[in-house]
Structure formats: structure tokens, C-alpha cells
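The values are calculated or read from the model by the stated rules, or taken from the named source; none is laboratory data. Being a predicted model, the structure only gives us computed values, none of them experimental. FYI the Cβ positions are ideal-geometry reconstructions off the backbone, even for glycines, and counts take in every protein chain you see.
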């Protein structure tokens, strides 16, 4: 997907490689057996035990396509671990939970001293029949809603599966099937961003099988990922950055008015995208890159997700205001490379179009001109979801817990 479709994914958010050096035999969930394997993510390597959980794509049809879902267990270092297993659910939707663990192993070391860590890549992500969409030329700018619809149909057509079955409800069923097949009486569930939605739905469906639920970056059941609230929250994050910089003498002196810088850069890029020659931040090769408004919006949307990139945002805006777009181009390339290779956009669309878009209120459909995203993404999401296959009634999932 190119610029606007790619930006739809950034709106709904909430350079990685992997290699399973050993793969367990394909088994039914009732016969699940783990075998020694090695998980690699860039320079990070971890030995564990892997298995393939076989699940029907459509649980209501015994003749449905069978999915091979990749699961891995990292046994506790304690010879007498707690009876429950600890599991992680990554956000997105569309990201690999196993990759998230690999990138933050040290953060979970203390947990592993007490419990086994049991992970599965959610159906449609990572190593579990990933529902990817072809990434066209990233230099192509600003598709119309008609082009977004065309690209969505192409993505559905090239996928070896049925898009409507790659949703939260199916993921919850898969996770509990894994728990049952491995013999753990309960799970301790840690969800991040969209993963908090999956965790909440797991608790709702399986209260007796949930020891504890840890929520990090909560997506409340009432939050609609297809609506204007995401635009509002993104604007709030930027407003807080501006306020922090204004309150810091050194930052204010170095970067002056960040809000004005953003608006100036945006106007420049709308009027005329910038051509940049730079060293590719991943390959190290010299490349030419055209930078447009969507690159700016994507960077401002995603850079606050980590303290390291957030710290670079004021400098990036100041340099761009001065006509130096190298830093913005590098950020845009890094974002695109990561999403192109690791982000299951098709799975993201299945969640968005089944669980969120149908439940937009009239107010949520209204453009928010007081945010930097304004209303453009609502129009693009509608163009995509109008043709995307949907399944199920998710109205109950949009209610708060008692």
C-alpha cells in the first residue's frame, strides 16, 4: 500500500527480521508438542521450544482452511515455576508478539525466573500466516479514495485466505486453544496498545482461565480505532511536546515555536514535496527520496511512541523549517521499511473494518479540523472498509466491564 493507505495504518495504531531455525512438526492442538528451536531477531537470539498450533480459519466450518499458527515457549529458569504461563499480545493491530518479546527480553527476565513464557503470533501476523499487503512504490503520493479502494481489493485478492476471519474474536479463541493444549490452568496476559483489546476480550471470554491481565497503553472498549479519537489523541501528544519544549529554556531557545515550525513545514510540503539525497539509514547506500506531507504526518504520529525518537522530533522540525529535510527523510524511510516488512496491513484492516468502522458514531465520522490529521483519514478508511470483508457482531465488545 502506498502513501494514503500506509497513512491509514499509522492513523489506526496504536527493519526487523526473524528466522525460526528449527520448526516443530505440524500437529493438531490436541497433540501439541514443543521441540527445541532457535528464534532470531536481528542480532538477538533466544533458544526455546516451538510448536505449530493448527486451527480452522473459519471455526464454524469443519471443512475450512487449516492455519498453522506459530507458538514458542521459553521455559522458566525456576525448576518449580508458577502454574500459570505468562503471555504477551503485541499491538498494531498487525505486529508479531514473538518479535516484541525478542526485542525486550531483558524486560521480561524477572518474570521468566518465576513463570514459563508462552507466546503465539496472532493469526495473520508474524510467523502465523501473515496477512501482508503488497507495498507499491513508496514515492507515489496522495491516492484518491478510488485508488485506496482499488488497492484494498488487490490486497484481498492476493491473500491466500478469507479476510473476515482475522479478527480479535478468532485470536482470543486461538490463544485459549494454545493454553488448553499446553496444559496451563491459567494465563497471565500482558497486552500492549491494541493488544490490550485482545487481552480484555480474552478476560471477557475466559475469566476463569485468566490469572491476571496487565494493560500497557490501554485501548478501551469504547475507543474506535477508525474514528476521530485517534486524531485527537495524536494531537494531544504533539501539544504536550510543544508545552514541554516551551517550558524548557534550552529547548525553547534552540527550537523556538515548534507548532509554528510544524505548520510551516507542512505548508511547504503541501505546496512542493522536497527532494533529498541521503544515506539510507538501514542499507547505508546513497539514495534519492522525495518527502511529502504524509511523511511529516507519519513521523509526528509515530515518533512520540519512544523516548529516543521523541527527543529527535523538535530538531527534525527545526531543520525541516530551515529547508533541511534529511532527518525527516531518514525517519520516513525507517518507518516505511519497518512497516513494509513486519506490519501485517491486511490483518490490521480486518480488525479495523470488522470491529471499529461499522460502529462509528456520527460525531466520530466528523472531520476534526482542530487536529493535524483533520478529516482526510476518515475518508480513506471508509474507502477501504466499504469493500473489505467483515464478520461477526462486535457490539458487545464495545461495552465496558461491570
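The residues on offer are 303, 316, 327, and the sole one that is within 17 Å of the chain's Cα centre (by Cα) and assigned to a helix (DSSP H, G or I) is 303.
One residue is enough: does the stretch 106-117 have a residue meeting the conditions closer than 24 Å to residue 64 by Cβ and either in contact with a strand residue (DSSP E or B) (Cβ under 6 Å, 6 or more places away or on another chain) or in a loop (DSSP other than H, G, I, E, B) (or both)? No, that holds for no residue.
Quick grid of which residues meet (1) at pLDDT below 95; (2) over 30 Å from residue 76 (Cα atoms):
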{"site": "117", "(1), (2)": "no, no"}
{"site": "147", "(1), (2)": "yes, yes"}
{"site": "156", "(1), (2)": "no, yes"}
{"site": "168", "(1), (2)": "no, no"}
{"site": "178", "(1), (2)": "no, no"}
{"site": "184", "(1), (2)": "no, no"}
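Residues in the stretch 267-300 that are surrounded by fewer than 17 Cβ atoms within 10 Å (Cβ to Cβ), part of a helix (DSSP H, G or I) and touching a helix residue (DSSP H, G or I) at 6+ places or on another chain (Cβ under 8 Å): 270 only.
Just checking, does the stretch 83-103 include any residue being over 30 Å from residue 340 (Cβ atoms) and surrounded by fewer than 17 Cβ atoms within 10 Å (Cβ to Cβ)?
The first filter runs over the stretch 83-103 and keeps only residues over 30 Å from residue 340 (Cβ atoms), leaving 83-86.
Pick out the ones that are also surrounded by fewer than 17 Cβ atoms within 10 Å (Cβ to Cβ) and you get 83.
Among the residues of the stretch 83-103, at least one is over 30 Å from residue 340 (Cβ atoms) and surrounded by fewer than 17 Cβ atoms within 10 Å (Cβ to Cβ), which makes the answer yes.
This table checks each residue for (1) in contact with a strand residue (DSSP E or B) (Cβ under 8 Å, 6 or more places away or on another chain); (2) under 17 Å from residue 332 (Cα atoms); (3) modelled with pLDDT under 95.
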{"position": "237", "(1), (2), (3)": "no, no, yes"}
{"position": "252", "(1), (2), (3)": "no, no, yes"}
{"position": "255", "(1), (2), (3)": "no, no, yes"}
{"position": "261", "(1), (2), (3)": "no, no, no"}
{"position": "265", "(1), (2), (3)": "no, yes, no"}
{"position": "270", "(1), (2), (3)": "no, yes, yes"}
{"position": "282", "(1), (2), (3)": "no, yes, yes"}
{"position": "293", "(1), (2), (3)": "no, yes, yes"}
